[in-house]
Amino acid sequence: MKKIRLKRTVALLTSTLMLAGAAAARVVAAPQYRCSSSTQDIDDAGYSGPWPDNWKITVEVCSARSGSTVTSYATAKWEGPSYYTVDDPTILDGAKLRLQIKHAHTGRVLLERDFAEIESRLEDSDSSSNRRGRYRTSTIGMRAGSDGAVGDAVLLLDWHADGRGYRRYDYAGSPAV
């Protein structure tokens, strides 16, 4: 009787370990993102007064590959002028951070998405009218084959009252993945 119980215990333990090993093999490691960052001093084209009006905006673009799937995201950080009123919604008529996945060798755009939520963040300030902030896009992804792909970001700003529509500010793309 004890031999049968021992055999059942060993068999149960062996099958449990085999299932745990199979489950562990299915766990996929988190993708390793490769990033690059660039900074621009951007003039507020809608303001021509006596106060400093440049914005220092840094955008970091990150991309990763898992098999044939490429994913990318971007993070923008900024420091803007403080002469505006607190939480001034009239600084911009529009703003969007455009995130793209491009073919690494040809530069052809494979996927593109605009994130307009950045406008309200840029116009937001603390109670002393300081404009420092950060915005991270959600992650976009697609199957991109094995030729290599890069993430790329473009900041599009439509300054209030300048009459010129959106102006394009290109940032450095991620390393190829």
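The values are calculated or read from the model by the stated rules, or taken from the named source; none is laboratory data. None of these values were measured; they are calculated from a predicted model. Reconstructed Cβ throughout: ideal geometry from the backbone, glycine too, with neighbour counts over all protein chains shown. For the accessible areas, the whole protein counts, side chains as well, though only heavy atoms, and no ligand, DNA or RNA atoms are used. Shrake-Rupley method; radii C 1.70, N 1.55, O 1.52, S 1.80 Å.
Run Tyr33 past the list (1) aromatic (Phe, Trp, Tyr); (2) open to solvent by 70 Å² or more (accessible area, probe 1.4 Å); (3) modelled with pLDDT under 95 and report the number of the one that doesn't hold.
The failed condition is (3).
Would you point out which residue out of Asp114, Asp147, Asp162 is at pLDDT 95 or above, surrounded by fewer than 19 Cβ atoms within 10 Å (Cβ to Cβ) and out of contact with any helix residue (DSSP H, G or I) (no Cβ under 9 Å at 6 or more places or on another chain)?
Selected residue: Asp114, the only one of Asp114, Asp147, Asp162 that is at pLDDT 95 or above, surrounded by fewer than 19 Cβ atoms within 10 Å (Cβ to Cβ) and out of contact with any helix residue (DSSP H, G or I) (no Cβ under 9 Å at 6 or more places or on another chain).
Between a first residue in segment 153-177 that is free of Cβ contacts under 8 Å to residues at least 12 places away in the same chain and a second residue that is open to solvent by 10 Å² or more (accessible area, probe 1.4 Å), which pairs have beta carbons less than 8 Å apart while being 6 or more apart in sequence or on different chains?
Once the first residue is free of Cβ contacts under 8 Å to residues at least 12 places away in the same chain and sits in segment 153-177, its partners that are open to solvent by 10 Å² or more (accessible area, probe 1.4 Å) give Gly165/Asp158.
Working only within segment 48-74, note down all residues that are part of a loop (DSSP other than H, G, I, E, B) and open to solvent by 50 Å² or more (accessible area, probe 1.4 Å). Break it down stepwise before answering.
Applying the first criterion (part of a loop (DSSP other than H, G, I, E, B)) to segment 48-74 yields 48-53, 67-68.
Once the filter is applied, which keeps residues that are part of a loop (DSSP other than H, G, I, E, B) and open to solvent by 50 Å² or more (accessible area, probe 1.4 Å), segment 48-74 yields Ser48, Pro50, Trp51, Pro52, Gly67.
Enumerate the strands (runs of 3 or more DSSP E) found wholly within segment 90-139, keeping only those where 1 or more residues are touching a residue at least 60 places away in the same chain (Cβ under 8 Å). Reasoning before the result, please.
Working: elements: 92-103, 109-115, 131-136.
Answer list for segment 90-139: 92-103, 131-136.
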